[in-house]
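Comments concern the structure below.
The values are calculated or read from the model by the stated rules, or taken from the named source; none is laboratory data. Quick caveat, the model's predicted, so the values are computed rather than measured. Neighbour counts are summed over all protein chains in view; Cβ atoms, including those assigned to glycine, are modelled from backbone coordinates with ideal geometry. Note: areas computed on protein heavy atoms with side chains; ligands, DNA, RNA excluded. Shrake-Rupley method; radii C 1.70, N 1.55, O 1.52, S 1.80 Å.
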Amino acid sequence: MAPPAGKRVKGCQIFRPFIYGTTARPFDEKTNPKPPGVPDDHTHSWTVFVKGIDDVDISYWLRRVQFKLHESIPNHVRMVDSVPSKPFEIHETGWGEFEIAIKLYYVPESGEKPQTLYHHLRLHPYGRTEEEKENMRLNGTGEIISWTYEEQIFNEPYEAFYEILTSGAMPSSGTTKPNGGAGKGKGHGSKQKATTGTTEAQRSEGGVLERSAMIPMVNRPGQPFSRETEQLEIKKLKEALVKVEDMTKTLVAELDRKNKYMAELKAGGDVKAS
């Protein structure tokens with residue numbers, strides 16, 4: 001592909017948040033019946049996707065996504081072209097977990113080469129501890145959610161692509177309900193105004209504007225990534241850091257005690273093991 005006409009915007013870096021991952025559900029006669037024609041040994045339905053944070057449109061920078069599935073699946077390399085305000089996704093059924101290669105193709109104006117991400121399809125509850133696995137098992141939906149928050153960084157974009165990225169935040173493709181609630185891609189609560197060029201776009205509290213680097217302020221059902229999530233993760237990291245520092249102090253004290261003991265032995269002292 002020939003590079004776009006024009007120069008790069010030096011010293012400029014622009015990022016756009018997005019989400020990729022899988023959602024799986026076990027087949028169940030009441031909540032998730034197996035469709036006709038699905039093989040008997042298939043135990044789950046699942047979806048792999050790439051989409052914008054808070055379901056906003058990302059087709060202005062992402063043109064196509066290739067999903068490379070397990071070779072045992074018919075047509076295991078799938079191409080999904082962009083549709084404005086729709087996620088890049090495919091739906092399948094199966095019985096086993098495997099790694100999915102997700103290749104991102106950018107819009108021609110970007111001049112960027114494709115990049116590949118890798119994601120492990122999860123069909124069963126997982127976690128670092130049995131408690132985390134149990135919480136996923138009892139989440140009330142039956143879904144096994146394995147999502148990853150990512151930020152696409154464009155370093156020194158071409159001038160034409162820079163104009164696309166910075167053409168002003170657009171109102172979300174969802175609609176706001178008259179009672180102040182939220183439609184697709186919106187938050188909840190009081191409305192806020194954001195300037196987009198010469199007009200003002202409405203957005204709900206916790207929602208985001210398209211063509212921006214915003215993320216929601218708070219978590220909502222189906223939208224687990226937000227500033228609230230970020231603060232919770234920061235809190236966990238700070239708590240873990242305190243534990244590590246305490247462990248380090250204990251180990252250093254123990255090492256000092258042993259070094260002192262070794263020094264006394266070498267000096268010929270009559271030291272009894274403590």
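Below are the figures for this structure:
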| read-out | value |
| --- | --- |
| Portion, in percent, of the accessible area of the range 18-110 that falls on carbon or sulfur, probe 1.4 Å | 51 percent |
| Accessible area in square angstrom per residue, the range 12-79, 1.4 angstrom probe | 47 Å² |
| Relative packing of 222-235, 246-259, which averages over residues the other C-beta atoms within 10 Å, highest first | 222-235, 246-259 |
| Proximal aspartates and glutamates relative to LYS133, as straight alpha-carbon distance under 14 Å, when same-chain residues fewer than 8 apart are discounted | GLU143 |
| Whole-Å semi-axes of the range 210-274's equivalent ellipsoid (Cα gyration tensor) | 53, 10, 6 |
| Charge tally in the Cβ shell below 13 Å around PHE225, where Lys, Arg are +1 and Asp, Glu are -1, PHE225 excluded | -4 |
| Computed magnitude of the charge dipole of the range 1-135 (debye, nearest 20; Cβ of K, R +1, Cβ of D, E -1) | 940 debye |
| Greater than 31 Å apart at Cα, pairs in LYS51/LYS236; LYS86/LYS235; LYS113/LYS236 | LYS86/LYS235; LYS113/LYS236 |
| Distance in nm between pseudo-label sites at LEU255 and ALA101 (7 Å out along the Cβ direction from Cα) | 4.3 nm |
| Dipole-positive endmost among THR129, TYR162, ILE145 within the range 124-167 (Cβ charges, Cα centre) | THR129 |
| Cα coordinate range in the range 3-111, projected on the principal axes (Å, largest first) | 57, 29, 21 |
